[in-house]
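Working notes, beginning with the structure itself.
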Amino acid sequence: MTSMKTAPETPAVVTITPTIQSSRSPLRLLIKSGLADPLVIASVIWIVLVIVAITFRGAILPAGWQDSVLVNRLKPPFTTDSAGVLHLLGTDALGRDYLMQMVAGTGATVFPALTAAAIGLVFGLSVGAVAGYMGGRVDAVVLRITEFQMAFPSLLLAILILASLGSSIGVLIIVLALGAWTGIARVSRGLALELRELAFVDSARVIGGSNPRIIIRHIAPNLFTSVLVLGTLEVAALMLSAAGLDFLGLGVQPPETSWGQLVSKGRETLASAWWLVVIPGLAIFLTTLAVNLIAVWLRNNLDVDQRSRNLAKVARKTEIKFDPDETPEPPRAQGEQGAHSTSNAILEVRDLFVDFSTERGVAKAIRGVSWGIGRAEVLAIVGESGSGKSVTARAIMGILERPQARIRRGAIDYGGVDLLTIPDSKRREIYGAGISMVQQDALAALNPSATIATHLIEVIQAHQEGVSRKEARDQAGDLLRKVGIPDPIVRLDDYPHQFSGGMRQRVLIAMAIANSPAVLIADEPTTALDVTIQAQIVKLLLDLRKSTAMSIVLITHDLSLVAESADRVVVMYAGRVMESGPVHEIISHPAHPYTKQLLAATPDVMVTSERLKPIPGSPPSPMRIPSGCPFNPRCEKAQDICREVRPNELHLTPTRSSACHFAEEVVSQ
Amino acid sequence: MTVYVIKRLVSAFAVIFLVLTAIFFVTQLLGDPVQLVLGDTANPEQILAVRDRLGLNDPIWVQYWHFVTRAAQGSFGDSFWQQLPALGLVFSRLPATLLLSLATIAIIVPIGVTLGTLAAYHQGSVLERIINFFSIVGSSLVSFWLALMLILLFAVTLRLLPTSGYGSPANIILPAVTLATLQVGTLAQVTRTSVSEQLSSSFVSAARARGLSPARVMIRYALRNALIPIFTVASGMLITLVNGAVIAEVVFGWPGVGLLILQAIQQGDLPLIQAAIFVTASLIVILTLLVDLAYLRINPRVRLQ
């Protein structure tokens, strides 16, 4: 948190040296979070009371606390006896003060579980660590033993051993530890395996001259955390087991008392003296609950993964604010919004802004994007990764990651309505029917536990009314044939993982065209495939366009693919449209230095003798976008004006526009 | 797949054999069975006769061999306490234990899965906190105390349900609710984690982009694929219930195997103890085997390997 005080322009410096702060801050963080949580405070207070009752037992208990006073039999809580003594928790069947009975029983309730947890922890940890570290035969034998013991009913084993050896505190502790060690051994085995791998990585680093203290600093604390949490949870679990054995009369034996025993005794008078059962049981519950709550608190604040998860949760709640470095834009005039569109567009994105809230602030993924697509047109959206091209597609399909993503402003017009304002049920009628999508990673986009037939039938039945399952299945077979899958009828009943990458992409296309959409959005449909299959898939999409007159939005970073297949191009950079226009014009005469440099960095497209020239630098983070033109730090032509004034979109011809101060100069070169 | 099933069967048999061995040697610790049968007042001749009859004069490995071969034929000898075949006695108690376990699971699964799914759908809602709270409370409650509290409330005070017993449907409510309360939060938590993981996967957003209804996306996409961890936890619970309902059986006087084992131990009834533990442990092995085979049905990817 101290990093907030440093200058806002130097976040990178802070992240490089986290170890300096982290050496002390976890404990401070832990205490801070504990003080903020009333449940943790209450748990700690309760545990302290329990410890006081055990430590000062001799001082608390009055002389003759065990003597029966029959006149005071079964007094309810908060009553005074004949001698005028207040019994806060009432009296038991022998007229003894119940609070004193409870105090007397505290040690015998907590001690066996605590000791057994410690023994189980030490034993389990060492066995697990040895097994994990040695591996091979030792590991296999230990695993078998733990599995076997787990198959054996643990409570029954405990009862059996206690019955055979006779009940004593010693046997009780052994029996409890026996139930505890297997789980701990398994976890510590896993940790040891991890440690071993990290140790290898580290030894490689040592050769390079780095510091072996990494193990002590980074690995040991994580191990310690897991063990601490595990041990705490184990104490709680063993308290319950010990109480159960006490209740059955197999645990702590008289004259020692324990809370479990008190419940068992009180059971006889349950109907007449409820407090004799309610109070000791409640005490066991509260103690176990306190221990469990403390374990959760430790895990949430010490465990690195959990801590980052908590951070993410906090980030989700923060309201999106504008960065001071970017002034909010006023809505544009009507005429300007269609700058990258085409006349009579069937799908039109207008002035779209999408923000993501992240742990580190607001990422502006899309900042004022507009484009439109005409009937039977192939519109390519190109740009490097992170330019916002896929986010646009997800915004159109209503599948932006919620709750992190928000559409700040804009409209998506389709069929005379704005997709962003109509109700969900109306939008669902459009998705998969009027507009459909083909995703990048076909395996991830398919339900692993449903057959291809199920996928196709459900999308057909969702949008075509009155189609029976049988008819939908027939349609599904035709669709698979249409997208070029051999043996379509047989393959219908296969699962996604049984298809090859190219075939899976065809399945996605089959689903996308199942309801003859007007627009198909293909989000990097060929990136995951090898080159020959890529060509086949692109050919399939273009053939389908020809035969069905659907429009295709092709999202890609592959300029050579654009050159082969698209009619028009929209070039995106840092969440903005840099330029747009007919594909052949843009490739031969780019009107934006970004496009120009992108083309120079792409083989195949420029069939000139020039050498490939990669663009220097890398795209800006969506959290810190440079002022002025976002491309200015990497631009060959950048002037002062580019750093200060954001260029407006300039119409060069009715079909071409560019967002560069020097567009006309660039295009004429 | 057949190879897999055969492998699992062989290993299940091996575990049952190991259980049998463990039972024999652990029960050796119980003390002299003759003393247990005849009590302290027996004269030496009687003792010798009984020792002979029970084969206790043989070397231990011979005794072990007899034990294993007889067990293989389904005999653990007669119960000392009830003078009936021990295995038969255990089997007569099995339906009660299974009934209680299944009734408990029948409460846990629908409630836990529904709550968990709803919490996954309404992320960050109050429901999420309720589930976390229930889960931690459930894992902090002692079963016998919860049982007694429910008896105090519903049987003693409100007089709605019987305190204990077996036979009528009303009898099963309190024990099943007791056992279910302890576990339902955990299952809800597992369901929530697992379903929300699936909800953020690509195939769920792809399904939404095809215009499928939210109910279909939730059930066929998210819940269906979250089923494996849910199933693992739920079947683990069933197994624990089958072997660990001793305390609930004692409190509610439920005549299951757990209660029988406790009585057998208190009576020092060696054959009955051996038979009961053998049956319970074998049941766990068989249930584990069934669970593993059920995975084949749930996960098509395993099925085809």
**Complete:** At R0 = 41 Å the Cβ-Cβ FRET efficiency linking residue A:79 and residue A:165, nearest 0.05, sits at 0.45
**Item:** Solvent-accessible area lost in complex, 40 Å² minimum, residues of segment B:138-170 relative to chain alone, 1.4 Å
**Value:** B:140, B:142, B:144, B:145, B:148, B:152
**Prompt:** Dipole size in debye (nearest 20) for segment B:96-268 around its Cα centre, Lys and Arg Cβ +1, Asp and Glu Cβ -1?
**Reply:** 600
**Message:** Using a 7 Å offset from Cα along Cα-Cβ at residue B:21, what residues in segment B:274-294 end up with backbone N under 16 Å from the label point?
**Reply:** none
**Complete:** Only helices counted: for chain B, with every DSSP H run of 4 or more residues adding -39500 (n - 2.57) and the sum spread over all residues, [θ] at 222 nm is -24500 deg cm²/dmol
**Message:** Please list, by residue number, everything in segment B:254-283 whose backbone N is under 13 Å from a paramagnetic label point 7 Å out along Cα→Cβ of residue B:99.
**Reply:** B:254-257
**Message:** Ordering A:596, A:75, A:546, A:470 by accessible area with a probe of 1.4 Å, largest first, what comes out?
**Reply:** A:546, A:470, A:596, A:75
**Complete:** Expressed in nanometres to one decimal, the distance between label points 7 Å along Cα→Cβ at residue A:474 and residue B:161 is 5.6
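On a 1.4 Å probe surface of the protein chains, which of A:420, A:39 comes out largest in accessible area, and what is the full order?
Correct descending sequence by accessible area is A:39, A:420.
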**Request:** Over the protein assembly as shown, average the accessible area per residue using a 1.4 Å probe and give it in Å², no decimals.
**Result:** 47
**Protein accessible area in segment B:96-268, 1.4 Å probe - carbon and sulfur %** = 67
**Asked** When the Karplus curve 6.51 cos²θ - 1.76 cosθ + 1.60 is applied with θ = phi - 60°, which whole-Hz ³J(HN,Hα) does each residue of segment A:393-403 get, with x for Gly and Pro?
**Response** 4, 5, 5, 4, 7, x, 10, 5, 5, 9, x
**Message:** Give me, ordered by chain and number, the residues 5 or more places off residue A:378 or on other chains with an amide H under 5 Å from its own placed amide H.
**Reply:** A:552, A:567, A:568
**Request:** Calculate the spin-label point distance for residue A:422 paired with residue B:72, positioning each point 7 Å from the Cα along the beta-carbon direction, and give it in nanometres.
**Result:** 7.4
**Asked** So how much accessible area does residue B:231 have, in Å² to the nearest 10, using a 1.4 Å probe?
**Response** 60
**Complete:** Quick calc: nm separation of the 7 Å Cα→Cβ label points for residue A:490 and residue A:564 -> 3.0
**Request:** Quick one: order A:640, A:523 from most to least accessible surface, probe 1.4 Å.
**Result:** A:640, A:523
**Prompt:** Hey, quick one: spin label on residue B:228, modelled 7 Å out along Cα-Cβ, who in segment B:187-213 has an amide N within reach, i.e. under 20 Å?
**Reply:** B:187-207
**Asked** For the pair residue B:294 and residue A:133, what calculated FRET efficiency results from E = 1/(1 + (r/R0)^6), where r is the Cβ-Cβ distance and R0 = 41 Å, to the nearest 0.05?
**Response** 0.70
**Request:** Measure nothing but the geometry: give the 0 to 90° angle between the long axis through the Cα atoms of B:224-244 and the longest principal axis through the Cα atoms of chain B, rounded to 10°.
**Result:** 20
**Message:** Once you order the gyration tensor axes a ≥ b ≥ c over the Cα atoms, which shape class does chain B get: rounded for a/c under 1.5, otherwise prolate or oblate by comparing a/b with b/c?
**Reply:** oblate
**Prompt:** Using a 1.4 Å probe, how large is the accessible area of residue B:145, given in Å² and rounded to the nearest 10?
**Reply:** 20
**Fill in**
Using a 1.4 Å probe on heavy atoms of the protein chains only, the accessible area for residue B:114 in Å², nearest 10, reads 80
**Message:** Tell me the angle of helix B:86-121 to the major Cα principal axis of chain B, expressed in degrees between 0 and 90 and rounded to the nearest ten.
**Reply:** 20
**Complete:** Percent antiparallel among DSSP beta bridges confined to the protein assembly as shown, nearest 5, equals 65
**Fill in**
So the angle from the long Cα axis of helix B:2-28 to the longest Cα principal axis of chain B, reported in degrees to the nearest 10, equals 40
**Message:** Taking 30 Å as R0, compute the FRET efficiency from the Cβ-Cβ separation of residue A:535 and residue A:655 and round it to 0.05.
**Reply:** 0.60
**Asked** So between residue A:624 and residue A:402, what do we pick up on full extension, going 0.36 nm a residue minus the alpha carbon distance?
**Response** 77.7 nm
**Request:** Please report the buried accessible area for the interface of A with B, total over both chains, probe 1.4 Å, in Å² to the nearest 100.
**Result:** 5200
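The values are calculated or read from the model by the stated rules, or taken from the named source; none is laboratory data. None of these values were measured; they are calculated from a predicted model. We place every Cβ from the backbone using ideal geometry, glycine too, and count neighbours over all the protein chains shown. Keep in mind that these areas ignore ligands, DNA and RNA; they rest on the heavy atoms of the full protein, side chains included. Shrake-Rupley method; radii C 1.70, N 1.55, O 1.52, S 1.80 Å.
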